[in-house]
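A short write-up of the structure that comes next.
The values are calculated or read from the model by the stated rules, or taken from the named source; none is laboratory data. In this text, all values refer to a predicted model and were calculated from it rather than measured experimentally. The protein model used for the area step is the full one, side chains on, heavy atoms only, and it has no ligands, DNA or RNA in it. Shrake-Rupley method; radii C 1.70, N 1.55, O 1.52, S 1.80 Å.
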Amino acid sequence: MPSDAKILIVDDHEDTLYALESALAPLGYQLSRATSGDEALKQVLRGQVGLLLLDVRMPGVSGLDVVRYMRRLEQTQHIPVILLTGFGPDHELTSAAFGLGVADLVMKPIDPWALRTKVRYLYDAHRRHLTLAQEVRELRALVKDHPDDNKDQDHNGVESGQGPALPHPDARVPVQRGQGAHTGELEQDRT
C-alpha cells in the first residue's frame with residue numbers, strides 16, 4: 001500500500017460523510033468519499049485504498065455486499081473494513097459482518113475519539129503488514145536469483161568443512177519431570 005493510500009468513507013447521507021471526515025481530519029490521512037456501494041467498489045478496485053469505513057444499509061449495493069465482493073478478490077481481501085450502522089445492535093448483522101472478516105462494527109452516533117483510535121490502529125497495522133509482505137517478496141526473489149549449490153552439503157544442510165550447525169534454541173530445554181518428582185530429585189538434576 002503506497003504511503004498515499006486513502007481512507008474511503010462510504011455513506012449515502014451527506015451529513016454523515018461530513019461528520020466522519022471531520023472526525024478523521026486530525027489524523028492527517030488522505031480521505032475520500034463515496035455515496036453508494038457501487039461507487040465504493042469502483043474506488044477500491046482502482047487501488048490506493050488503505051481502509052474502508054462503510055455504512056451497512058445503503059440503497060442498491062449494501063455495505064455487506066461490498067465486503068463480500070472485496071473478500072473474493074486477492075487484491076482487496078485484506079483491506080480493513082469498519083462497518084457503520086445506525087440501526088442498533090443486530091445479532092445477524094454482527095455474525096455476518098465478523099464472518100466476512102470485518103475489523104469492527106460501529107454503532108452510530110459515533111464517538112470521534114474512539115473512531116480515530118480504531119482507524120489509526122487498523123490503517124497503520126495494514127500498512128506495516130503490506131510493507132512486510134513486500135520485503136518477503138523481495139527476499140524470496142533474491143533467494144530465487146541465487147540458488148544454493150546443494151551438492152557440497154551433508155544431510156543437515158551444512159557445507160563440508162564448516163563444522164556443525166548451531167543447535168535449535170529448544171534443544172537446551174530440560175526434560176520435564178512428572179508431577180510426583182520430589183524436590184531433592186529436582187535439585188540433583190540442576191547440578
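With an 8 Å Cα cut-off and a minimum separation of 6 or more residues, compute the relative contact order for region 1-99 in percent. List each step's numbers first, then the result.
On the way: 138 pairs, mean separation 27.9, N = 99.
Answer for region 1-99 is 28 percent.
Given a 1.4 Å probe, how much area per residue of region 1-105 is accessible, in Å²? Intermediate values should be presented prior to the final figure.
On the way: 5000 Å² over 105 residues.
Here the residues of region 1-105 average 48 Å² of exposed surface.
Roughly speaking, what % of Cα-Cα pairs in region 1-109 are separated by over 25 Å, rounded to a whole number? Each step should come with its number before you reach the end.
Values: 752 of 5886 pairs.
I get 13 percent for the Cα pairs in region 1-109 exceeding 25 Å.
Tell me, what % of the accessible area of region 11-132 is carbon and sulfur with a 1.4 angstrom probe? Intermediate results must be reported in sequence, preceding the final value.
On the way: 3530 of 6440 Å².
Carbon-and-sulfur percentage of accessible area, whole number: 55.
What is the gain in length, in nm to one decimal, between Asp65 and Gln30 on full extension, counting 0.36 nm per residue of separation less the C-alpha to C-alpha distance?
On the way: separation 35, 0.36 × 35 = 12.60 nm, distance 2.47 nm.
Gain in length upon complete extension: 10.1 nm.
Around Ile9, which amide H atoms from residues at least 5 apart in sequence, or from another chain, sit under 5 Å from its own amide H, with H modelled in the peptide plane?
Ser32, Arg33, Ala34, Leu53
How much length would be gained if the chain were fully extended between Glu74 and Leu132, taking 0.36 nm per residue of separation minus their Cα-Cα distance, in nm to one decimal? Before the final figure, lay out the partial values.
Working: separation 58, 0.36 × 58 = 20.88 nm, distance 1.69 nm.
My answer for the length gained is 19.2 nm.
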